[in-house]
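**Q** Starting off with a structure, shown below.
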């Protein structure tokens, strides 16, 4: 249900900005970015196919070792790990990520000529919306059971089961890498990108630490969040007004 709430939240913000009278043309960018996302595989280069192969290999390796990785993380918990997991969860929480993009949108209302915040808002909002939609769809199709209620990593339900069957992929991790990609590609100083991706990695680890996701879940979530964000950003660059 949290992913549904995110989508509704994003839609409300989008329409509130549209009705505010500001010519932000968010709907224009969202439609074009959706088209580019859909057609992207038909334009893949050798580098893209190589990335897809590496991603598939990493996911397969993690999937076959999910139980071993989960046991290792659970056997090494402590006070410090709980504190770090708490921080990581917040960085990937859709409410906080959406709130950040909404704050950028509000700044554009106050200062409509601020192109930096306008681009961050448009691209971040669009990529977060499509990331959430993809994650939500896959969760309901795949129906993998979450670790805290599963005896092993290979328990699956049927379509439209309860949320404890929504383990694959990880929504928190996808949103964390969505935000990290946005920060990385909107700042000139490399250190901010490194810090953002480090926080996204912490989010991924926190989901395994808290037994909300298997390791393969967070790998797929991270890839989706990154790929969608970069695709949306590249789409905007091609159609920059």
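Derivation of every value follows stated rules applied to the coordinates shown; laboratory data play no part. The structure displayed is predicted, hence computed values, not measured ones. Because the Cβ atoms are built from the backbone with ideal geometry, glycine has one as well, and the counts that use them run over all protein chains shown.
**Q** Mind ranking 61-69, 204-212, 87-95 by how tightly packed they are, going by the mean number of other C-beta atoms within 10 angstrom, highest first?
**A** The densest-packed peptide leads the list: 204-212, 87-95, 61-69.
**Q** How much length is gained on full extension from residue 54 to residue 80, taking 0.36 nm per residue of separation minus their Cα-Cα distance?
**A** Taking 0.36 nm per residue and subtracting the Cα distance, the gain is 6.1 nm.
**Q** Label-point separation (nm) for residue 42 and residue 69, each offset 7 Å from Cα along Cα-to-Cβ?
**A** Result for the modelled spin labels: 3.4 nm.
**Q** Separate question: Please give the peptides 118-125, 44-51 ranked by average Cβ packing (other Cβ atoms within 10 Å per residue), highest first, as a rough proxy for protection.
**A** The packing order, highest mean first, is 118-125, 44-51.
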